[in-house]
Amino acid sequence: MIDPLLPAHTAAFAEAVRGFASTRLRPGYQAREREGRFDPELIKEMARLGLLGLRAPAELGGEGADAVTTGIAAEEVGRADLSAGYLINNTALATEVLVGAGNPEQQRRFVPEIATGQVVPALCLTEPQHGSDAAAIEMRARRHDGGWVLSGEKTSITFGMSAATGLVLARTGGDGARGITAFYVDLRDAAVTRSPFRDMGGVAIGRASLHFDELLVPDDRVVGDVGGGFTQVMHGFEFARAVIALICIGAASASIDEALQHARDRTAFGQPIGRFQGVAFTLVEHSTKLAAARLLALRALELKDRGLDHAVESNMAKWWAPRVAVEAAHDALLTFGHSAYSDEYPLGQRIRDIIGLELGDGTANITKLVVAR
């Protein structure tokens with residue numbers, strides 16, 4: 001059931017997203033994982049529903065949605081296909097940076113093509129030796145003939161095998177965060193090569209390493225201030241961490257719903273197994289924890305919408321929700337017994353996919369450090 005406390009327009013949109021997700025995303029969830037790709041037409045369908053332009057203003061082809069609506073949409077998509085939730089998160093975060101730090105011409109050029117699904121952007125921050133300590137990145141950008149030349153490697157890039165464009169952070173100055181600049185680049189250039197990962201989950205997102213061999217980037221693709229890229233991009237990450245929490249909660253909630261239905265239908269010793277406390281209490285406990293984690297994530301997004309500091313709540317949600325979600329999805333699988341230990345059911349796939357988001361966009365220890373500071 002859609003949350004009855006949501007504003008009417010948000011509830012109506014959530015209902016439309018849930019209908020689309022259940023009919024178009026859920027049936028192909030495991031098939032896309034086996035194929036290791038998203039059908040471009042499915043991406044266009046998501047764009048037509050407004051899912052890829054949630055944070056883009058209407059004048060740039062988007063929905064102009066608030067942060068809470070964005071998070072609710074991501075939760076509903078994650079309920080059907082966690083990997084498809086990355087499409088919402090990546091497009092929302094890239095749009096957030098381009099609208100917040102890009103100049104008007106960049107916004108007119110780049111935001112509409114994201115919102116309409118013409119391109120899927122990648123966020124190129126992590127390097128082989130620098131993931132958690134993002135301010136220490138080493139990839140260089142040097143001045144050259146009215147532009148910049150980028151050389152180095154980015155790794156663990158979501159949609160790295162398929163993204164057409166990328167928001168790349170590279171070092172243009174000295175050490176530390178103030179020496180980093182953001183570039184919005186064309187990843188289809190011959191100077192960019194891609195190496196896929198062989199992942200245990202989330203295969204459809206095509207995680208990869210990207211190698212930049214003297215990629216020439218014109219000045220008009222510098223986003224924001226030279227030397228200001230780190231601050232501008234990391235500010236968006238705070239918002240995205242709450243969205244990621246809701247994607248995980250959506251996926252785990254789907255598994256709990258399936259386990260509850262199984263507990264009603266499956267009988268043992270002459271009664272439904274849901275009548276046994278060992279089954280019922282476990283599912284109730286996980287439902288409670290998921291509900292609490294959801295409220296924390298929504299609080300972070302509500303603070304964002306009100307223009308208030310949401311760093312603590314977003315980072316709390318990012319470390320806690322994936323952990324709660326993994327535990328819930330695991331016990332949901334155990335409720336089914338041996339039959340769920342098969343790819344006939346999506347429960348195992350959800351567990352593997354949620355684990356990916358325990359790692360991505362800030363591990364639990366990193367996000368706890370943010371909160372502590």
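Below, the figures for the structure above:
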{"read-out": "Lys/Arg +1, Asp/Glu -1 at C-beta; region 190-265 dipole; positive extreme among Thr193, Phe237, Leu260", "value": "Leu260"}
{"read-out": "DSSP beta bridges in the chain [antiparallel fraction, %, rounded to 5]", "value": "85"}
{"read-out": "Surface/4 of the Cα convex hull for region 162-296, nm²", "value": "12.2"}
{"read-out": "Fraction of beta bridges assigned by DSSP in region 78-171 that are antiparallel (%, nearest 5)", "value": "55"}
{"read-out": "Amide proton proximity set for Leu54, modelled H, under 5 Å, gap of 5+", "value": "Glu63"}
{"read-out": "Set of aspartates and glutamates near Lys368 by C-alpha distance (under 18 Å), chain-local residues within fewer than 8 positions excluded", "value": "Asp133, Glu238, Asp309, Glu313, Glu358"}
{"read-out": "Ordering of 64-71, 269-276 by burial proxy (mean other Cβ atoms within 10 Å per residue, highest first)", "value": "64-71, 269-276"}
{"read-out": "Net charge contributed by nearby residues that have their C-beta within less than 11 Å of Ile273 (K/R +1, D/E -1)", "value": "+2"}
{"read-out": "Reciprocal mean inverse distance between Cα atoms of region 166-216 - Kirkwood radius, Å", "value": "12.8"}
{"read-out": "Where Rh is the Kirkwood radius over Cα pairs, Rg/Rh for region 40-133", "value": "0.99"}
{"read-out": "Cα gyration tensor of region 31-95 - equivalent ellipsoid semi-axes, whole Å, descending", "value": "21, 13, 9"}
{"read-out": "Between helix 311-336 and the chain: long-axis angle, C-alpha atoms, 0 to 90°, nearest 10", "value": "40"}
{"read-out": "Contact order normalised by residue count of region 171-292, Cα under 8 Å, 6+ apart, percent", "value": "23"}
{"read-out": "Principal-axis tilt of helix 8-20 within the chain, Cα atoms, nearest 10 degrees", "value": "80"}
{"read-out": "Most positive-pole-ward Cα, Thr116, Leu6, Pro57, against dipole of the chain from beta carbon charges", "value": "Leu6"}
{"read-out": "Sum of side-chain charges, Ala135 neighbourhood, beta-carbon under 14 Å (Lys, Arg +1; Asp, Glu -1)", "value": "-1"}
{"read-out": "Size of electric dipole in region 224-373: Cβ of Lys, Arg +1 and of Asp, Glu -1, about Cα centre, debye, nearest 20", "value": "320"}
{"read-out": "Under Karplus coefficients 6.51, -1.76 and 1.60, residue-wise ³J(HN,Hα) of region 173-188 in Hz, glycine/proline x", "value": "x, x, 5, x, 5, 6, x, 10, 10, 9, 10, 9, 10, 8, 7, 7"}
{"read-out": "Calculated on alpha-carbon atoms, Rg and Dmax of the chain in Å", "value": "20.7, 80"}
{"read-out": "For region 342-347, Karplus couplings with θ = phi - 60° (6.51, -1.76, 1.60), whole Hz, Gly/Pro x", "value": "7, 7, 5, 9, x, 5"}
{"read-out": "Karplus 3J(HN,Hα) series, Hz, for region 75-87 with 6.51 cos²θ - 1.76 cosθ + 1.60 (x for Gly, Pro)", "value": "4, 5, 5, x, 4, 9, 7, 4, 4, 5, x, 4, 4"}
{"read-out": "Quarter of the Cα convex hull surface for region 284-373, i.e. its orientation-mean projected area (nm²)", "value": "6.5"}
{"read-out": "Highest-fluctuation residue, Ser83, Ser287, Ser314 considered, GNM on the chain with Cα pairs under 10 Å", "value": "Ser287"}
{"read-out": "Amide H partners (placed H, <5 Å) of Gly202, local residues excluded", "value": "Asp353"}
{"read-out": "Ordering of 191-202, 46-57, 21-32 by burial proxy (mean other Cβ atoms within 10 Å per residue, highest first)", "value": "46-57, 21-32, 191-202"}
{"read-out": "Amide hydrogen neighbours beyond the local backbone of Ser156, cut-off 5 Å, H modeled", "value": "Ala208, Ser209"}
{"read-out": "Between 0 and 90°, nearest 10: helix 104-115 axis offset from the chain longest Cα axis", "value": "30"}
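Bear in mind that the values in this text are calculations on the coordinates, not laboratory data. Predicted, not measured: the structure shown is a model, and the values here were computed from it. So basically every Cβ, Gly included, is an ideal-geometry build from the backbone, and we count neighbours across all protein chains shown.
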